[in-house]
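One structure below.
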Ligand code: FNR
């Protein structure tokens, strides 16, 4: 069967570098692997009062996660951590208590920034959050990507050096996900 991989992209920006990365990965998915973004931008701000009657958009979000065999977290760094929009989505996925939609899913993290550390500080935070939710995180290769809009051509295709890193990452990740998914 196909390996279904959902992407959570931590940016709502038009022309997001991280969404370009998600789209490049989807386009480069090997045979038998389907990679698609799961949107998080329509979720309201999490509030535990919502747990009694979870918003339809959050139920739909959790159903989309449940349909995945594995996840990719593709995130910018905002002020040395993950963007609030991504943390909000993780909080929705994890609740109500006992219904954590992330549990036992194999996952990996990538992040793109024009800055020299390539989201390393944000990814370190995400690496402390996800295992607490029983996500099975891949360790290597780490993907701290320093990119700019010029790293992609007009069709969204990444430059050669970036494409090679993405292909190597995908090879390792697909093997990891097949090994770990229930
Ligand atoms: C940033 N940016 C940024 N970059 C970085 O490398 N480290 C950081 O801590 C921050 N902090 C930060 C805070 C806020 C509020 C914004 C809006 C931006 C710059 C960021 O990397 C840049 O905007 C990227 O283009 C964001 O990724 P997307 O949205 O293009 O995917």
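Just so it is clear, none of the values below were taken in a lab; they were calculated from the coordinates. Not measured: the values here are computed from a predicted model. Don't worry about glycine lacking a Cβ; one is built from the backbone with ideal geometry, like all the others, and counts go over all protein chains shown.
Measure nothing but the geometry: give the 0 to 90° angle between the long axis through the Cα atoms of 160-180 and the longest principal axis through the Cα atoms of the chain, rounded to 10°. Roughly 40 degrees, rounded to the nearest 10. Any chance you could give the angle, 0 to 90 degrees and rounded to 10, that helix 120-129 forms with the longest Cα principal axis of the chain? So the inclination is approximately 30 degrees.
Here is how the number arises for the chain: DSSP H runs of 4 or more residues each give -39500 (n - 2.57), the sum is divided by the residue count, and the result at 222 nm is -11000 deg cm²/dmol. Between 12, 72, 25, the residue with the greatest mean-square fluctuation in the GNM of the chain (Cα pairs under 10 Å linked by springs) is 12. Taking 107, 150, 120 in turn, the Gaussian network model of the chain (Cα-Cα springs below 10 Å) assigns the largest fluctuation to 150. Return the whole-Å distance between the Cα centroid of the stretch 8-32 and the Cα centroid of the stretch 48-81. For the stretch 8-32 versus the stretch 48-81, the Cα centre distance is 17 Å.
Once the convex hull of all Cα atoms in the chain is built, its volume per residue stands at 113 Å³. Of all beta bridges that DSSP places with both ends in the chain, some 10 percent have antiparallel geometry. Normalised by the number of residues in the chain, the mean separation of alpha-carbon contacts (under 8 Å, six or more apart) gives a relative contact order of 24 percent.
Ranked by how many other Cβ atoms sit within 10 Å of their own Cβ, fewest first, the residues 155, 119 fall in the order 155, 119.
On a 0 to 90° scale, report how tilted helix 17-27 is relative to the longest principal axis of the chain, with both axes built from alpha carbons and the result rounded to the nearest 10. Rounded to the nearest ten degrees, it is 80.
Computed over the chain with a Gaussian network model linking Cα atoms closer than 10 Å, the most mobile of 82, 129, 90 is 129.
Going by the alpha-carbon gyration tensor, a ≥ b ≥ c the square roots of its eigenvalues, is the stretch 7-47 rounded (a/c under 1.5) or, if a/c is not under 1.5, prolate (a/b greater than b/c) versus oblate? Because a/c hits 1.5 or more and a/b fails to exceed b/c, the stretch 7-47 counts as oblate.
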